[in-house]
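The values are calculated or read from the model by the stated rules, or taken from the named source; none is laboratory data. Because the structure is predicted, anything quoted here is derived from the model rather than measured. Cβ coordinates were reconstructed from backbone atoms using ideal geometry, including for glycine residues, and neighbour counts include every protein chain displayed. To get the accessible areas, we keep the full protein, side chains included, count just its heavy atoms, and leave off ligands, DNA and RNA. Shrake-Rupley method; radii C 1.70, N 1.55, O 1.52, S 1.80 Å.
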Amino acid sequence: MNSLDAWDEVRTAYHVARVGTVSGAADALGVHHATVIRHIDALEARLGTKLFQRHARGYTATEAGLDLLQVAKATDDQFSQLAGRIKGRGEEVTGELIVTSIPSLSPALSATLARYSRANPQVVLRFMTDERLFRLEYGEAHVAIRAGKRPDQPDNVVQKFFDLSHALYATQDYVREMGHLDESNLARHSFVSEDDQDSRAPFYRWLNEMVPDRAITYRASAQRSVVDAIRAGAGVGFLPTAVGERSPDLVQMMAPKEEWSATVWLVTHVDLHRTAKVQSILTHLKENFDPGLF
């Protein structure tokens, strides 16, 4: 039996001693009266002594039961104080704040997060970038910024952040050598892609379905490396249109398709969503983020 189970039994005994009846303790704890009886029987068996005298009017604590009542009351008071301190922290914008995203969103998010950090020096901001999904239910992050299909974990609060449009780009030198691109000549061009052929990104799903594998001649393990390869002339590849439009050395090879657009989501766990700290970063991101920063 672990310590949490033991505390459940002690807490039950405390409420029985306090109100004097099984039904009263069950009401206070929000459990069935059979659970109360089971906890009392198990605790008496564990301690090897009777904690209560049973009679028609209810339960009266024995001498051992009174000793237990004093310890349980002190422990319950400490838990109440702890809960108050934790609740108070939830109203403060202080301490560690963990925000996660996929690495490709970092260039656009970093400026906005830096402004938040400067405006809230009492917060230690940790910006974690990884392709894996951080598990909010295990406290791995306060806010996750995810792209693609709407997250469907049941205990998460999901809000749309923005839509990220993508198109195919290549360098001017590549176009002079290989010519322009349309859906009739995909096979004769060279493409740059992420190495993960199971990527969730909608534009990479389109690429893997429409372009022959032999035409994807350059694969990189991270989107940052894909961008570098496109700019170095390795082939045609996907970029956010905001990036392509700011790059005079690049040519848009095919107009954006709706199916290439990736929705970006703000995701928080329901238990932390309404805390002051989480609300402060969500508000800051919504009001200050510029998708054109890509």
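The table below lists the values:
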| read-out | value |
| --- | --- |
| Considering residues of the stretch 164-192 that are of a type outside the set (A, V, I, L, M) and within 35 Å of the chain's Cα centre (by Cα) only, the residue farthest from ARG231 (Cα to Cα) | SER165 |
| Residue within the stretch 83-91 that is open to solvent by less than 60 Å² (accessible area, probe 1.4 Å) and not small (Gly, Ala, Ser) present | no |
| Residue match in the stretch 29-36 (condition: out of contact with any His (no Cβ under 9 Å at 6 or more places or on another chain), modelled with pLDDT of 85 or more, part of a helix (DSSP H, G or I) and open to solvent by 50 Å² or more (accessible area, probe 1.4 Å)) | yes |
| Neighbours by Cβ (under 8 Å, 6+ apart or cross-chain): first from the stretch 134-147, open to solvent by 20 Å² or more (accessible area, probe 1.4 Å); second of a type in the set (Lys, Arg) and assigned to a helix (DSSP H, G or I) | HIS142/LYS277 |
| Residue identified as under 23 Å from GLN197 (Cα atoms), out of contact with any Gly (no Cβ under 8 Å at 6 or more places or on another chain) and surrounded by fewer than 21 Cβ atoms within 10 Å (Cβ to Cβ) among GLY233, GLY237 | GLY233 |
| Top-ranked residue in the stretch 19-28 [being at pLDDT 85 or above and assigned to a helix (DSSP H, G or I); ranked as surrounded by the most Cβ atoms within 10 Å (Cβ to Cβ)] | ALA25 |
| Long-range neighbours under 6 Å by Cβ, at least six apart or interchain, first residue in a helix (DSSP H, G or I) within the stretch 164-178, second among the hydrophobic types (A, V, I, L, M, F, W, C) | GLN172/VAL251; VAL175/VAL251 |
| Any hit, the stretch 210-228, residues being buried (at least 19 other Cβ atoms within 10 Å of the Cβ) and among the hydroxyl-bearing types (Ser, Thr, Tyr) | no |
| From the options PRO151, PRO248, residue that is under 21 Å from the mean Cα position of the chain (by Cα) and outside any strand (DSSP E or B) | PRO151 |
| Filter result (modelled with pLDDT of 90 or more and surrounded by 18 or more Cβ atoms within 10 Å (Cβ to Cβ)) within the stretch 245-272 | LEU250, VAL251, MET253, TRP260, VAL264, TRP265, LEU266, VAL267, THR268, HIS269 |
